[in-house]
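The values are calculated or read from the model by the stated rules, or taken from the named source; none is laboratory data. From a predicted model like this one, the values you see are computed outputs, not experimental measurements. So basically every Cβ, Gly included, is an ideal-geometry build from the backbone, and we count neighbours across all protein chains shown.
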Amino acid sequence: MLIIAALISLVIITVLIKSYDGEATIMAWVAGLRSPRKGMELLTKYGRLPFWSLITIILIIMGQYRAAASLVIVVASSILFGRTIKELVRRPRPYEKLPLNAVRASGSSYPSNHCSVVWGAALFTASLLGPLWGVPLIIEAGLVSISRVLLLAHYPSDCIGGFLIGIITWRLGLIAYHSLAGLPII
């Protein structure tokens with residue numbers, strides 16, 4: 001049910017961003033904020049593959065082979081879904097439409113692949129390993145999402161779209177994990 005709700009929400013947001021360009025005002029306001037750019041650049045790196053590769057290696061060292069394999073599925077499917085939607089939507093990044101001093105990023109803006117990867121992986125890891133790992137990773141996912149907007153690389157709706165993809169891939173990861181473990185699929 002959660003996957004269906006996330007898919008429907010993703011479709012609605014995708015249609016809305018194609019027909020409505022109201023986030024320019026938000027981005028102009030964000031551009032005027034005094035955010036610590038270096039700190040945001042550091043935060044945004046945690047949405048990248050090296051961080052999640054390290055988490056996967058740690059899971060393997062801990063003997064959590066099914067979790068590691070399922071995490072790879074979460075990250076790969078997040079990237080695949082995100083890139084597919086990016087190719088279909090082809091939304092310009094905020095700095096391509098507005099005169100902003102932004103961190104340059106490649107590809108289209110919607111959805112944020114940083115957000116889809118970090119939310120899917122953080123939720124999946126939290127589901128399996130509990131709050132000791134989960135709380136810091138979910139906080140990190142939120143901070144990465146905020147950093148993408150503060151760095152002017154994404155509109156807020158790009159990050160919401162990435163979050164929704166993360167929910168979908170988190171659930172796919174849990175399905176994969178339960179299948180690999182021979183457990184009932186939840």
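Numbers at a glance
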| read-out | value |
| --- | --- |
| Members of region 20-78 that are at pLDDT 85 or above and among the small types (Gly, Ala, Ser) | Ser53, Gly63, Ala67, Ala68, Ala69, Ser70, Ala76, Ser77, Ser78 |
| Checking Ala126 against (1) touching a Ser or Thr at 6+ places or on another chain (Cβ under 9 Å); (2) assigned to a helix (DSSP H, G or I); (3) buried (at least 16 other Cβ atoms within 10 Å of the Cβ), the condition it does not meet | (1) |
| Residues located in region 150-161, provided they are part of a helix (DSSP H, G or I) and within 21 Å of Val11 (Cα to Cα) | Pro156, Ser157, Asp158, Cys159, Ile160, Gly161 |
| Those residues of region 129-161 which are at positive phi and either crowded, with 24+ Cβ neighbours inside 10 Å or touching a residue at least 40 places away in the same chain (Cβ under 8 Å) (or both), in sequence order | Leu152 |
| Subset of region 167-186 that is in a loop (DSSP other than H, G, I, E, B) and aliphatic (A, V, I, L, M) - its residue that is farthest from Ser116 (Cα to Cα) | Leu183 |
| Verdict on Leu164 being assigned to a helix (DSSP H, G or I) and either buried (at least 20 other Cβ atoms within 10 Å of the Cβ) or among the aromatic types (Phe, Trp, Tyr) (or both) | yes |
| Residue list for region 147-186, restricted to those being more than 14 Å from Ser109 (Cα to Cα), out of contact with any Ser or Thr (no Cβ under 7 Å at 6 or more places or on another chain) and small (Gly, Ala, Ser) | Ser179, Ala181, Gly182 |
